[in-house]
Amino acid sequence: MPRERRSLMSWDDLHTLFVRHSKEIANALRRRGVTPENAADLTQEAFLRLLAAGRPNNAKCDNPRAFLFRASRNLHIDQIRRERHVRQVALTDAEFEAIPDGLPSPETMIFDRQRLAISAAALQELPERTRRAFEMHHLGDKGIAAVAQELGVSTTRTWVLIRGAYCHVRDRLREAEG
(Lines give C-alpha, C1' and ligand atoms only; values in the text may rest on other atoms or scores of the structure.)
Protein backbone atom coordinates (compact mmCIF):
# COMPACT_ATOMS: atom_id res chain seq x y z
CA MET A 1 0.00 0.00 0.00
CA PRO A 2 1.51 3.39 -0.96
CA ARG A 3 2.50 5.65 1.90
CA GLU A 4 0.24 8.49 0.70
CA ARG A 5 -2.83 6.29 0.87
CA ARG A 6 -2.06 5.17 4.43
CA SER A 7 -1.72 8.73 5.68
CA LEU A 8 -5.07 9.66 4.12
CA MET A 9 -6.94 6.81 5.80
CA SER A 10 -9.90 8.02 7.82
CA TRP A 11 -9.64 8.05 11.61
CA ASP A 12 -13.34 7.31 11.78
CA ASP A 13 -13.08 3.94 10.10
CA LEU A 14 -11.77 2.03 13.09
CA HIS A 15 -12.85 -1.34 11.72
CA THR A 16 -10.86 -0.89 8.53
CA LEU A 17 -7.86 0.28 10.53
CA PHE A 18 -8.10 -2.78 12.76
CA VAL A 19 -8.35 -5.19 9.84
CA ARG A 20 -5.42 -3.54 8.06
CA HIS A 21 -3.03 -2.94 10.95
CA SER A 22 -3.79 -5.07 14.00
CA LYS A 23 -1.69 -8.05 12.89
CA GLU A 24 1.34 -5.96 11.97
CA ILE A 25 1.15 -4.07 15.28
CA ALA A 26 0.89 -7.33 17.23
CA ASN A 27 3.80 -8.77 15.23
CA ALA A 28 5.92 -5.68 15.92
CA LEU A 29 5.22 -6.12 19.64
CA ARG A 30 6.10 -9.82 19.43
CA ARG A 31 9.43 -8.91 17.83
CA ARG A 32 10.04 -6.83 20.97
CA GLY A 33 9.61 -9.99 23.09
CA VAL A 34 5.94 -9.61 24.02
CA THR A 35 3.91 -12.82 24.34
CA PRO A 36 1.19 -13.35 21.72
CA GLU A 37 -1.60 -12.89 24.29
CA ASN A 38 -0.05 -9.73 25.70
CA ALA A 39 0.61 -8.40 22.18
CA ALA A 40 -3.07 -8.87 21.35
CA ASP A 41 -4.07 -7.03 24.55
CA LEU A 42 -1.67 -4.15 23.88
CA THR A 43 -2.89 -3.91 20.27
CA GLN A 44 -6.49 -3.64 21.41
CA GLU A 45 -5.51 -1.05 24.00
CA ALA A 46 -3.76 0.97 21.27
CA PHE A 47 -6.97 0.96 19.24
CA LEU A 48 -8.90 2.09 22.32
CA ARG A 49 -6.45 4.96 22.66
CA LEU A 50 -7.05 5.84 19.02
CA LEU A 51 -10.79 5.75 19.56
CA ALA A 52 -10.49 7.94 22.67
CA ALA A 53 -8.18 10.40 20.90
CA GLY A 54 -10.55 10.98 18.01
CA ARG A 55 -9.32 13.00 15.07
CA PRO A 56 -6.75 15.49 16.30
CA ASN A 57 -6.95 19.13 15.22
CA ASN A 58 -3.23 19.09 14.51
CA ALA A 59 -2.54 18.40 10.81
CA LYS A 60 0.89 16.92 11.69
CA CYS A 61 -0.86 13.91 13.24
CA ASP A 62 -2.83 12.65 10.27
CA ASN A 63 -1.40 9.14 10.20
CA PRO A 64 -3.50 6.73 12.28
CA ARG A 65 -1.13 3.83 11.51
CA ALA A 66 1.79 5.73 13.00
CA PHE A 67 -0.38 6.71 15.98
CA LEU A 68 -1.25 3.04 16.58
CA PHE A 69 2.37 1.91 16.40
CA ARG A 70 3.48 4.68 18.75
CA ALA A 71 0.62 3.99 21.18
CA SER A 72 1.34 0.25 21.26
CA ARG A 73 5.04 0.90 21.81
CA ASN A 74 4.30 3.37 24.62
CA LEU A 75 1.84 0.95 26.22
CA HIS A 76 4.53 -1.75 26.18
CA ILE A 77 7.07 0.61 27.76
CA ASP A 78 4.52 1.58 30.46
CA GLN A 79 3.86 -2.09 31.15
CA ILE A 80 7.57 -2.81 31.55
CA ARG A 81 7.90 0.11 33.98
CA ARG A 82 4.94 -1.11 36.04
CA GLU A 83 6.32 -4.64 36.17
CA ARG A 84 9.64 -3.33 37.52
CA HIS A 85 7.82 -1.87 40.52
CA VAL A 86 5.72 -4.94 41.26
CA ARG A 87 7.33 -7.51 43.49
CA GLN A 88 7.04 -10.92 41.92
CA VAL A 89 7.09 -14.08 43.98
CA ALA A 90 7.40 -17.56 42.55
CA LEU A 91 4.73 -19.82 44.01
CA THR A 92 4.20 -23.53 43.72
CA ASP A 93 0.79 -24.73 42.58
CA ALA A 94 -0.06 -25.72 46.16
CA GLU A 95 0.91 -22.28 47.50
CA PHE A 96 -1.12 -20.59 44.79
CA GLU A 97 -4.17 -22.71 45.59
CA ALA A 98 -3.79 -21.84 49.29
CA ILE A 99 -4.27 -18.10 48.63
CA PRO A 100 -7.68 -17.23 50.05
CA ASP A 101 -10.29 -15.91 47.67
CA GLY A 102 -11.41 -12.42 48.66
CA LEU A 103 -14.95 -13.03 47.44
CA PRO A 104 -17.64 -14.33 49.77
CA SER A 105 -18.85 -17.87 49.24
CA PRO A 106 -22.07 -18.44 47.28
CA GLU A 107 -23.77 -19.45 50.53
CA THR A 108 -22.73 -16.20 52.19
CA MET A 109 -23.98 -14.21 49.22
CA ILE A 110 -27.38 -15.91 49.34
CA PHE A 111 -27.59 -15.47 53.12
CA ASP A 112 -26.74 -11.77 52.84
CA ARG A 113 -29.29 -11.24 50.06
CA GLN A 114 -31.95 -12.91 52.19
CA ARG A 115 -31.10 -10.69 55.16
CA LEU A 116 -31.21 -7.63 52.93
CA ALA A 117 -34.66 -8.62 51.63
CA ILE A 118 -35.89 -9.13 55.22
CA SER A 119 -34.48 -5.73 56.21
CA ALA A 120 -36.13 -4.02 53.24
CA ALA A 121 -39.47 -5.68 54.05
CA ALA A 122 -39.14 -4.66 57.71
CA LEU A 123 -38.53 -1.04 56.70
CA GLN A 124 -41.66 -1.09 54.56
CA GLU A 125 -43.68 -2.17 57.64
CA LEU A 126 -42.71 1.02 59.48
CA PRO A 127 -44.73 4.22 59.54
CA GLU A 128 -43.64 6.68 56.83
CA ARG A 129 -41.94 9.20 59.13
CA THR A 130 -40.05 6.51 61.05
CA ARG A 131 -38.85 4.87 57.83
CA ARG A 132 -37.80 8.23 56.34
CA ALA A 133 -35.89 9.16 59.49
CA PHE A 134 -34.03 5.84 59.46
CA GLU A 135 -33.26 6.02 55.73
CA MET A 136 -32.06 9.62 55.90
CA HIS A 137 -29.80 8.87 58.85
CA HIS A 138 -28.43 5.42 57.97
CA LEU A 139 -28.64 5.40 54.19
CA GLY A 140 -28.41 9.12 53.47
CA ASP A 141 -25.62 9.80 55.96
CA LYS A 142 -27.47 12.73 57.50
CA GLY A 143 -26.96 13.69 61.10
CA ILE A 144 -29.73 13.56 63.68
CA ALA A 145 -30.11 17.37 63.65
CA ALA A 146 -30.44 17.48 59.85
CA VAL A 147 -33.03 14.69 59.87
CA ALA A 148 -34.95 16.41 62.68
CA GLN A 149 -34.99 19.70 60.78
CA GLU A 150 -36.18 18.05 57.56
CA LEU A 151 -38.93 16.12 59.36
CA GLY A 152 -39.90 19.08 61.52
CA VAL A 153 -39.50 17.26 64.85
CA SER A 154 -37.12 17.55 67.78
CA THR A 155 -33.76 15.81 67.79
CA THR A 156 -34.91 13.68 70.73
CA ARG A 157 -37.99 12.54 68.80
CA THR A 158 -35.82 11.88 65.73
CA TRP A 159 -33.49 9.70 67.78
CA VAL A 160 -36.49 7.74 69.13
CA LEU A 161 -37.78 7.20 65.57
CA ILE A 162 -34.40 6.00 64.30
CA ARG A 163 -33.82 3.72 67.27
CA GLY A 164 -37.32 2.28 66.89
CA ALA A 165 -36.69 1.53 63.22
CA TYR A 166 -33.36 -0.09 64.03
CA CYS A 167 -34.96 -2.28 66.73
CA HIS A 168 -37.78 -3.27 64.36
CA VAL A 169 -35.35 -4.36 61.62
CA ARG A 170 -33.18 -6.20 64.17
CA ASP A 171 -36.22 -8.03 65.56
CA ARG A 172 -37.34 -9.12 62.06
CA LEU A 173 -33.85 -10.46 61.35
CA ARG A 174 -33.81 -12.37 64.63
CA GLU A 175 -37.25 -13.85 63.86
CA ALA A 176 -35.96 -15.05 60.51
CA GLU A 177 -32.97 -16.74 62.17
CA GLY A 178 -35.38 -18.28 64.52
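The values are calculated or read from the model by the stated rules, or taken from the named source; none is laboratory data. Here the structure is a predicted model, which means the values were calculated and not measured. Heads up, the Cβs are rebuilt from the backbone with ideal geometry, glycines too, and the neighbour counts pull from every protein chain shown. Only protein heavy atoms, including side chains, enter the accessible area calculation; ligands, DNA and RNA are left aside. Shrake-Rupley method; radii C 1.70, N 1.55, O 1.52, S 1.80 Å.
Taking all protein chains as present, what is the carbon and sulfur share of the accessible area of the chain, in % to the nearest whole number, probe 1.4 Å? Within the chain, the accessible surface is 52 percent carbon and sulfur.
Once the mean 1/r over all distinct Cα pairs of the chain is inverted, what Kirkwood radius in angstroms do you read off? So the Kirkwood estimate lands at 22.5 Å. Computed over protein heavy atoms with a 1.4 Å probe, the accessible surface of segment 102-144 works out to 71 Å² per residue.
Over the chain, Cα pairs under 8 Å with separation of 6+ residues give a relative contact order of 17 percent.
A dipole drawn for segment 61-154 from +1 and -1 charges on Cβ atoms has a positive end, and of L103, Q149, I77 the residue lying farthest that way is I77. Between M109 and L48, the modelled label-to-label distance comes to 2.3 nm, taking each label 7 Å out from Cα in the direction of the beta carbon.
Treating r as the C-beta distance of A90 and R70 and R0 as 45 Å, the FRET efficiency rounds to 0.85. Plainly put, segment 84-137 has a radius of gyration that is 1.38 times its Kirkwood radius, both from alpha-carbon atoms, as the Rg/Rh ratio.
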